[in-house]
Amino acid sequence: MNKEKGKSGSEGWEHEELAKVKMKSLRGHKSGVNTCRFLNGTNLIVSGGDDFTVRIWDIELGLEKLLLTGHKDEVTCCRVSPDGQRIVSTSLDKYLILWDANTGQSTLGFLHEGMAMSCDISFDGKYMISTTDLDNVVIVWDLRQKKSIATLNYHTSTVLSCCFSHSSYRFCTTSMDQTAFVVDMLDYRNNTDPHPVLKLKGHLNMVSSCDISADERRVCTSSWDKTICLWDVNAGTYRKHGPTYLSNGHEGSVSACRISRDGSTVVSASYDESLIVWDVNNACKKFSLGGHTGWVTDCDFSESEQCVISSSKDGSVRYWNLENSDEIPVIIQNKKNIGLLSLQCHKCGKQFSISQAQDQDSIKHCVFCRLEAKLKMYYDN
């Protein structure tokens with residue numbers, strides 16, 4: 001069931017007090033908000049909360065656009081198909097529901113034996129994964145056959161999160177057992193079950209969330225141990241040296257993390273009521289975003305990676321505009337403190353940072369333009 005809404009969720013732009021980042025507050029949930037995602041290719045946000053609802057928001061208008069009802073208990077996770085046409089959500093009512101993002105109508109539902117904790121949709125929209133608290137399982141669903149095709153039991157405690165890669169059938173899962181696994185689904189084509197290919201162990205408490213960079217080189221994981229781990233799964237250097245830790249930032253358990261498509265930036269959300277934006281290449285904090293008055297439960301990057309959203313137990317979803325964040329005085333000072341130089345990209349003209357130890361004469365393009373050139377070369381070949 002869905003209902004069209006017209007009530008304003010924001011009075012317009014506000015400013016975060018310390019970082020001076022523009023943001024909008026979207027309010028409509030009747031209690032805490034547990035999950036949020038950008039609706040790809042649109043000006044919309046999806047959120048799910050303790051009030052049993054999934055809601056779609058219009059960012060520009062600051063309005064709640066659609067109210068999606070059907071769950072009978074708290075919504076634990078909502079994710080969006082890469083084409084922006086479908087939404088999938090899980091709930092403590094044990095159901096996974098697939099929704100039409102344009103109409104808000106539920107199109108498919110699957111019942112788990114235990115409470116459904118998290119979910120995601122594959123890059124091509126053919127598969128879904130979900131996790132439950134019963135028997136610590138991960139379930140793989142085939143949307144064409146409309147049924148589960150594999151039940152995986154490699155974690156030893158409740159599986160808290162899962163995510164597909166951007167362009168393959170690999171996915172990552174995290175658990176209360178303090179581990180994360182990377183799983184390969186390619187073998188399913190040969191009638192064998194998907195299997196874990198990497199075990200990531202470095203956190204000292206339950207691992208709450210995970211994400212994979214677009215080139216599949218890096219996996220980031222967040223934990224109740226107050227840290228984020230970065231795993232170079234392409235080169236496998238973590239096997240010898242361990243992960244890179246992003247720490248000394250959050251004062252509370254970290255509930256969620258997202259890595260930018262090029263792998264250069266991470267945003268994390270925490271029980272300490274803040275978000276932190278991290279510089280991956282220098283393994284340091286860029287700046288914090290404060291203003292929520294409750295546990296920040298989830299976060300996401302926009303496609304342009306110039307904006308971030310967050311959900312919180314304070315009942316709100318916030319939309320943060322980071323477009324000119326490099327000009328914020330606190331970021332400029334942080335760059336000076338760690339010895340970074342600012343250069344101008346020869347292609348797009350934007351400023352970007354490199355270490356003073358690097359040869360600045362040989363670096364003429366920002367990481368985004370370098371990534372674009374690599375992708376073009378890959379597809380041309």
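For the range 67-194, the fraction of 1.4 Å probe accessible surface lying on carbon and sulfur atoms is 44 percent. Kirkwood Rh over alpha-carbon pairs of the range 160-305, then Stokes-Einstein at 4 °C and 1.567 mPa s: what D in µm² s⁻¹, rounded to an integer? Approximately 85 µm²/s, per Stokes-Einstein. Stretching the chain fully between Ser247 and Gln85 yields a gain of 54.7 nm (0.36 nm per residue, less the alpha carbon separation). The 1.4 Å probe gives accessible areas that order Lys201, Lys24, Lys30, Lys94, largest first, as Lys30, Lys201, Lys94, Lys24. Over the range 90-138, Cα pairs under 8 Å with separation of 6+ residues give a relative contact order of 31 percent. Couplings 3J(HN,Hα) for the range 41-55, derived from phi with the Karplus relation 6.51 cos²θ - 1.76 cosθ + 1.60 (θ = phi - 60°), are x, 9, 9, 10, 10, 10, 9, x, x, 5, 8, 6, 10, 10, 10 Hz, where x marks Gly and Pro. Per residue, the average separation of C-alpha pairs within less than 8 Å and at least 6 apart gives the range 143-298 a relative contact order of 14 percent. Separation of the alpha carbons by more than 22 angstrom is noted, of Lys22/Lys285; Lys24/Lys313; Lys22/Lys286; Lys30/Lys146; Lys147/Lys201, for Lys30/Lys146; Lys147/Lys201. Here the range 245-311 has 40 percent of its accessible surface on carbon and sulfur atoms, given a 1.4 Å probe and all protein chains in place. Ratio of Rg to Rh for the range 75-152: 0.94 [Cα atoms; Kirkwood radius as inverse mean 1/r over pairs].
Projecting the Cα atoms of Ala283, Gly236, Ser223 onto the dipole axis of the range 209-318, where Lys and Arg carry +1 and Asp and Glu carry -1 at the beta carbon, places Gly236 farthest toward the positive end.
The values are calculated or read from the model by the stated rules, or taken from the named source; none is laboratory data. All values derive from a computational prediction rather than experimental measurement. Using ideal geometry, Cβ is built from the backbone for each residue, glycine included, and neighbour counts are taken over all protein chains shown. We work out accessible area using only protein heavy atoms, side chains counted, and drop any ligands, DNA or RNA first. Shrake-Rupley method; radii C 1.70, N 1.55, O 1.52, S 1.80 Å.
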